[in-house]
Amino acid sequence: MTIKAGDTIPTATLEEMTPDGPSSFSTDDLFKGKTVVVFGLPGAFTPTCSAQHLPGFKALSAQFKAKGVDEIHCFSVNDVWVMGAWGKDQAVGNDVRMIADGSAELSKLMGLDVDLPAKGIRCKRFAMVVKDGVVKSIDVEAPGQFEVSSAEAQLSKL
């Protein structure tokens, strides 16, 4: 079953690259006391993800913060090294946190995993607003689409 508005983000361990190397943390700590916009995508360095999805959130990050968003998270089933390298490549700086779900643990718990032939388990393309660990809204894209999870679409919900 797919996570929906009103649900609490499941407890899972994720990773993020820091200047000191990989850092692991619990989703409980990641979302506690914050308003977060999370956008998930099938993979780092992929065409739509690199040309539109991630750049849109970076470009509008100040507008999200002006509307009360504490953090923006880019979420993918890639390892922490790939997510760190992609964040550097896209020059996200502190505007977007690059969150790795390397084993697809959280993607599976949220029902947002997808088995892509010849590519393995990935995350569906989605975006959600989370307040203090509770999903306030979620938009999951139809396969091959990029509409409801864009930065502009999410900004209009705030």
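Each reported figure results from applying straightforward, stated rules to the coordinates on display, with no laboratory input. Keep in mind that this is a model prediction, so the values were computed, not measured. As a convention, Cβ positions derive from the backbone with ideal geometry for all residues, glycine included, and neighbour counts pool all protein chains shown.
Full extension of the chain between Lys65 and Glu147 yields a length gain of 27.4 nm, computed as 0.36 nm times the residue separation minus the alpha carbon distance. Using the Karplus relation 6.51 cos²θ - 1.76 cosθ + 1.60 with θ = phi - 60°, the per-residue 3J(HN,Hα) values for region 35-50 come to 9, 10, 9, 10, 10, x, 8, x, x, 5, 6, 8, x, 5, 5, 7 Hz, with x marking Gly and Pro. Rounded to the nearest 500, the helix-only mean residue ellipticity at 222 nm of the chain stands at -5500 deg cm²/dmol, with each DSSP H run of n ≥ 4 adding -39,500 (n - 2.57). Placing +1 on each Lys and Arg Cβ and -1 on each Asp and Glu Cβ, with no other charges, gives the chain a dipole about its Cα centre of roughly 400 debye. Determine the percent antiparallel among the DSSP beta bridges restricted to region 52-126, to the nearest 5. Antiparallel bridges make up about 50 percent of those DSSP assigns within region 52-126.
Computed extension gain for Thr48 through Lys131, at 0.36 nm per residue and net of the alpha carbon distance, reaches 27.2 nm.
Measuring r between the beta carbons of Ser156 and Thr13 and using R0 = 35 Å, the FRET efficiency lands at 0.60.
For region 13-155, lysine pairs with C-alpha atoms less than 19 angstrom apart, excluding pairs fewer than eight positions apart on the same chain, total 18.
The trypsin sites (Lys or Arg not before Pro) of region 96-135 that meet both conditions, a loop assignment by DSSP and at most 13 other Cβ atoms within 10 Å of the site Cβ, are Lys119. Sorted on the mean count of surrounding Cβ atoms within 10 Å across their residues, most packed first, peptides 139-145, 31-37 read 31-37, 139-145.
Seen through its C-alpha gyration tensor, with square-root eigenvalues sorted a ≥ b ≥ c, the chain comes out rounded because a/c lies under 1.5. Look at Ser137, Ser149 and count the other Cβ atoms within 10 Å of each Cβ; fewest to most, that gives Ser137, Ser149. With both residues required to sit in the chain, DSSP beta bridges show an antiparallel share near 70%.
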